2 protein chains.
Amino acid sequence: MPPTRVPAIHLGPDHDLALGRGIEAGGGRLVPLDEAEAVVWKGGPDTFPDRLPDAVRWVQLPSAGIERWFAAGILDGGRIWTSAAGAYAPRVAEHAVLLLLAGVRGLGEQARATSWRKAEFETRVATLHGATVAIIGCGGIGRAMIPLFTAFGAEVLASTRSGTPVPGAAETVDASRNAELWARADHFVIAAPATAETAQLVDADALAQMKPTAWIVNIARGSLIDTDALVRALRAETIGGAALDVTDPEPLPEGHPLWSLPNAVITPHLANPSNGLPSLLAEHVRANVERFAAGETLLSPVDIERGY
Amino acid sequence: MPPTRVPAIHLGPDHDLALGRGIEAGGGRLVPLDEAEAVVWKGGPDTFPDRLPDAVRWVQLPSAGIERWFAAGILDGGRIWTSAAGAYAPRVAEHAVLLLLAGVRGLGEQARATSWRKAEFETRVATLHGATVAIIGCGGIGRAMIPLFTAFGAEVLASTRSGTPVPGAAETVDASRNAELWARADHFVIAAPATAETAQLVDADALAQMKPTAWIVNIARGSLIDTDALVRALRAETIGGAALDVTDPEPLPEGHPLWSLPNAVITPHLANPSNGLPSLLAEHVRANVERFAAGETLLSPVDIERGY
């Protein structure tokens, strides 16, 4: 069947007002699964249908990181799968910039203080102005950070898989050259997808090369950083600090040293809180339904071979 | 004596490399006090000369807030006094935006947590995207915030003494209309000078009108907020919270409720830490020496009658 003007789309596992409106605003109509040519899924992999009708040519998943969908063996090559990568980009970028600012200006230990420790803290307050921030894995989320960091007077070095120049970055390198960045950038935002290749990308070697004032922000996945090596670096103060929205292990267990190190800030995977999901995802769905109806390339297609 | 091409400038109370270079880069030459036509002062009022030579037509003070200089009775009408207002604007603006972001996203209580309280925190995470931020007293520091808030997708309402439209603000009101803003804006940054008129500008009435999700940032002076009324509002959770770089009393005494309220974040007057003083002030001094040499209007003149 060729692309229709009003694609038949199933929304599951149950109805959602914002997503339903997004589908209709994009030009689609809501149908039961057995009549669908596309599926918009707002639940997790556990409730996903065991078998999709052959007529389903496209599935929109609700999250940006999709390891759980790969692990559940749901993604097949018989149709197009799209993630929500990009939908939450502005929200995650906001959190990443907040975490780096908080780190660089020492807000973590200031927020924990219960007395006026001005003289002690003052010498550790730095600025993003004039700093060089490397965004490791500069996809949609990283790109959304660039105008923010630029507004604060920082310069961005982007690392991407391909090395194709990222607009707004002072320089883009391909991921094989990440090692050149550790000693060169002032601070780091880890924003790469979790794959076999990116596991423990930030290891003891990388940490050893960083400047003693460098802050590392992780808004991607905990597995991208060697936690034990990070804790050693934080204890030895060989780097400035780490502000982590994701951890390994996650959830971070009570009593873990990262909870009490003065140069660590932990936010419990809140860069993209679920309370913001419907409206941001609905806009992404609307845009993709519009593209699907017009037979155009969809946003955030999953690359099944590469695993993200 | 008419303006010279190479003005004779005294730098006191002692030499400073960055400021000395700033004076020379601006076209001035360093001289002892009794030969000076202008003074650049990097110390406090306590070390300031009891009497200035009549030939001194201009004094550059080292701070943006100058109440202590007024209180010490140093400022006279016999010459031009300039403050450092504006010199530190980008740095203070960075801190103000950090504090508002931290408030809106709940970073204060997250930074203080010692266990993974995701479900509890998640419902309280909001965003600056789409928010309306009122900057009360939108001078040089407020203006430096506007491109930052705009980059995050927030809209700025500016309140100034004159009401003259501030570039980049969606709307500017004069200070007599501040009361209209309390119920209207989503969040507030207090950035007005400390004067008799601005004392306790944010009082119980103002707080009562604010939205229950409103965050207040104060990077100006503690006296602009009625602390007791604020503590009551924070305890009753009638506003979202307060992130304060300045307090009344200041320093905030140990055991004060603001140290332990979950919806309060205190930074001990670090928006413009003194470690950043020389380079930022030096640039301001350079610009003013250049203007002085050319007989142009100086940056940040003190209005002795208005008291800032």
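The values are calculated or read from the model by the stated rules, or taken from the named source; none is laboratory data. What you see is a predicted model, and the numbers here were worked out from it, not measured in a lab. Don't worry about glycine lacking a Cβ; one is built from the backbone with ideal geometry, like all the others, and counts go over all protein chains shown. Just the protein is used for accessible areas: all its heavy atoms, side chains included, with ligands, DNA and RNA removed. Shrake-Rupley method; radii C 1.70, N 1.55, O 1.52, S 1.80 Å.
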**OP:** Using per-residue counts of other Cβ atoms within 10 Å, averaged over each peptide, order A:243-255, B:145-157 from highest down.
**Re:** B:145-157, A:243-255
Original post:
In the full protein assembly as shown, how much of residue A:66 is accessible to a 1.4 Å probe, in Å² to the nearest 10?
Top reply: 10
Original post:
Number of Lys-Lys pairs in the protein assembly as shown under 29 Å by Cα, sequence gap 8 or more or different chains?
Top reply: 4
Subject >> Rounded accessible area per residue of the stretch A:89-266, 1.4 Å, Å² >> reply: 36
Original post:
So how tilted is helix B:140-151 from the main axis of chain B? Cα-based, degrees 0 to 90, rounded to 10.
Top reply: 40
**OP:** Specify the inter-centroid distance of the stretch A:207-236 and the stretch B:234-265, based on alpha-carbon positions, in whole Å.
**Re:** 32
Original post:
Per the Cauchy relation, a quarter of the hull surface: what is the mean projected area of the convex hull of the alpha carbons in chain A, in nm²?
Top reply: 16.8
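How big is the antiparallel share of DSSP beta bridges in the protein assembly as shown, given as a percent to the nearest 5? Could the numbers behind the result be given before it?
Numbers: 2 of 74 bridges.
Restricted to the protein assembly as shown, the bridges split so that about 5 percent are antiparallel.
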Original post:
Pick from B:231, B:189, B:217: which is most flexible by mean-square fluctuation in a GNM of chain B where alpha carbon atoms under 10 Å apart are linked?
Top reply: B:231
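Taking beta carbons within 10 Å but only from partner chains, what does the mean come to for residues B:257-265? Spell out each step's value before the answer.
Values: counts 0, 1, 4, 1, 0, 0, 0, 1, 3.
Mean inter-chain Cβ contacts per residue within 10 Å come to 1.
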**OP:** For chain A, with a Gaussian network of springs between Cα atoms less than 10 Å apart, report the residue from A:134, A:206, A:126 with the top mean-square fluctuation.
**Re:** A:126
**OP:** Enumerate the amide H contacts of residue A:82 below 5 Å, restricted to partners 5 or more residues apart or on another chain; note that Pro and chain-start residues carry no placed amide H.
**Re:** A:59, A:60, A:61, A:302
Original post:
Counting alpha carbon pairs within less than 8 Å and at least 6 residues apart, what relative contact order, in whole percent, applies to chain A?
Top reply: 21
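Taking K and R as +1 and D and E as -1, what net charge do the other residues with C-beta under 10 Å from the C-beta of residue B:109 add up to? Walk me through the intermediate numbers first.
Details: positive: B:112, B:117, B:124; negative: B:120.
Charge balance near residue B:109 sits at +2.
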**OP:** With everything on Cα atoms, drop me the angle between helix A:277-293 and the longest principal axis of chain A, reported from 0 to 90° to the nearest 10.
**Re:** 50
Original post:
Rank A:15, A:284 by accessible area, highest first, at a 1.4 Å probe radius?
Top reply: A:15, A:284
**OP:** Work out the mean other chain Cβ neighbour count within 10 Å for the residues of A:244-253 and drop it here as an integer.
**Re:** 1
Original post:
By how many nm would the segment from residue B:231 to residue B:175 lengthen if fully extended, with 0.36 nm per residue of separation less the alpha-carbon distance?
Top reply: 17.7 nm
Subject >> P(r) histogram, all alpha-carbon pairs of the stretch A:89-266 included - 10 Å bins from 0, percent >> reply: 10, 42, 37, 10, 1
**OP:** Select from B:72, B:204, B:264 the residue whose mean-square fluctuation is largest in a Gaussian network model of chain B (Cα-Cα springs shorter than 10 Å).
**Re:** B:72
Subject >> Averaged over A:104-110, number of beta-carbon atoms from partner chains that fall within 10 Å >> reply: 6
Original post:
At what distance in angstrom do the alpha carbon centres of the stretch B:21-49 and the stretch A:80-142 lie from each other?
Top reply: 39
Subject >> Longest to shortest principal axis, alpha-carbon extents of the protein assembly as shown, angstrom >> reply: 92, 53, 47
Original post:
How far is helix A:89-104 tilted off the main Cα axis of chain A, in degrees rounded to 10, range 0 to 90?
Top reply: 10
Subject >> Kirkwood hydrodynamic radius (C-alpha pairs) into Stokes-Einstein, the stretch A:72-123, 25 °C and 0.890 mPa s, D in µm²/s >> reply: 165
Original post:
So how exposed is residue B:98, as accessible area in Å² (1.4 Å probe, rounded to 10)?
Top reply: 0
**OP:** Give the nm distances, rounded to one decimal, from residue B:29 to the matching residue in every other copy, measuring between label points 7 Å along Cα toward the beta carbon; shortest first.
**Re:** 8.8
Original post:
Pulled fully out, how much extra length does the chain show between residue B:120 and residue B:197, if you take 0.36 nm times their separation in residues and subtract their Cα-Cα distance?
Top reply: 23.6 nm
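Determine the dipole magnitude for the protein assembly as shown: charges of +1 sit on the beta-carbon of Lys and Arg, -1 on that of Asp and Glu, nothing else is charged, the reference point is the Cα centre, and the result goes in debye to the nearest 20. It would help to have the intermediate numbers written out before the result.
Working: 50 positive and 70 negative charges, 90 e Å.
I would put it at about 440 debye.
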